[in-house]
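Take a look at the structure below.
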Amino acid sequence: MEFSSKLLERAVYEMSQLPGIGKRTALRLVLHMLKQPKDQTVALVEALQSMRQDVKFCKSCHNISDVELCEICSNPNRNEDIICVVEDIRDVMAIENTSSFKGLYHVLGGKISPIDGIGPHDLNIESLVGKVKEGKVKELIFALSSTMEGDTTNFYIYKKIQGFKILTSTIARGVSVGDELEYADEITLGRSIINRIPFESSLKN
């Protein structure tokens, strides 16, 4: 792809680094921005810069937040007895969209995947175990995707907390094996949360 401008070429290259965006799509987006009023592009750049510099992670659940304690964790109407364990922010958003869960979350930041060099210590697992040790949590809901990595992560956490008096459950298999939560429709995902099953039962399958 030949460019008449090095500035345009650089902008297209940087845009094409985003997931799911090839060079042709990147070029289309960059040219679209060139046609827009300058202040609109500046507003986009400032929003991205502000997000990158000022975004925080909730000190309790590790969700993305503007302040130290996210809006979900600081909401007095949420049930603190139940924690839904998810991979990342996209899963929190997917479950919140169902309006079927009123507990709290714990964002692991990924899944155990030796092939990708991701081990238990690379994830937010110890802080989750710490919450269980405090004795305030009555149930953990494992809501990771139904993949080998997700199941491995679930089992690892389950073994870490096995000695404590706490219920462990997993979302019902209304979400197909191998599917990511963010792509499940809201009704299916909502039902899978409501109809969750004991984690021990899932080990027999």
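Limited to the range 119-138, what total is found for residues that are touching a helix residue (DSSP H, G or I) at 6+ places or on another chain (Cβ under 8 Å) and under 21 Å from residue 81 (Cβ atoms)? I'd like the intermediate steps shown before the answer.
Initially, the range 119-138 is screened for residues touching a helix residue (DSSP H, G or I) at 6+ places or on another chain (Cβ under 8 Å), giving 120, 123, 125, 128-129, 137.
Next, only the ones that are under 21 Å from residue 81 (Cβ atoms) stay: 125, 128-129, 137.
Looking only at that region, the number is 4.
Determine which member of the set 54, 66 is closer than 30 Å to residue 154 by Cα, at pLDDT below 95 and exposed (fewer than 15 other Cβ atoms within 10 Å of the Cβ).
On the way: 54 fails: closer than 30 Å to residue 154 by Cα.
From the options 54, 66, the qualifying one is 66.
What pairs come up if the first residue lies in the range 150-166 and is under 18 Å from residue 108 (Cα atoms), the second is β-branched (Val, Ile, Thr) and part of a helix (DSSP H, G or I), and their beta carbons are under 9 Å apart, counting only those six or more places apart or on different chains?
Cβ pairs passing all conditions: 157/129; 160/129; 160/132; 161/129; 161/132.
On the given criteria, is residue 96 within 20 Å of residue 192 (Cα to Cα), assigned by TED's automatic domain parsing to the domain that holds residue 195 and without any contact (Cβ under 8 Å) to a residue 40 or more places away in the chain?
Yes, satisfied.
Test residue 18 against the criterion of being assigned to a helix (DSSP H, G or I) and not assigned by TED's automatic domain parsing to the domain that holds residue 157, and give yes or no.
No, not satisfied.
Could you please give the count of residues in the range 48-93 that are without any contact (Cβ under 8 Å) to a residue 40 or more places away in the chain and in a helix (DSSP H, G or I)?
Number of matching residues: 9.
Can you tell me which residue among 125, 89 is under 16 Å from the mean Cα position of the chain (by Cα) and within 22 Å of residue 167 (Cβ to Cβ)? Spell out the reasoning first.
Numbers: 89 fails: within 22 Å of residue 167 (Cβ to Cβ).
The match here is 125.
The values are calculated or read from the model by the stated rules, or taken from the named source; none is laboratory data. In this text the structure is predicted, and so the values were computed from the model without any measurement. A quick note on method: Cβ atoms are made from the backbone with ideal geometry, for glycine too, and the neighbour counts reach across all protein chains shown.
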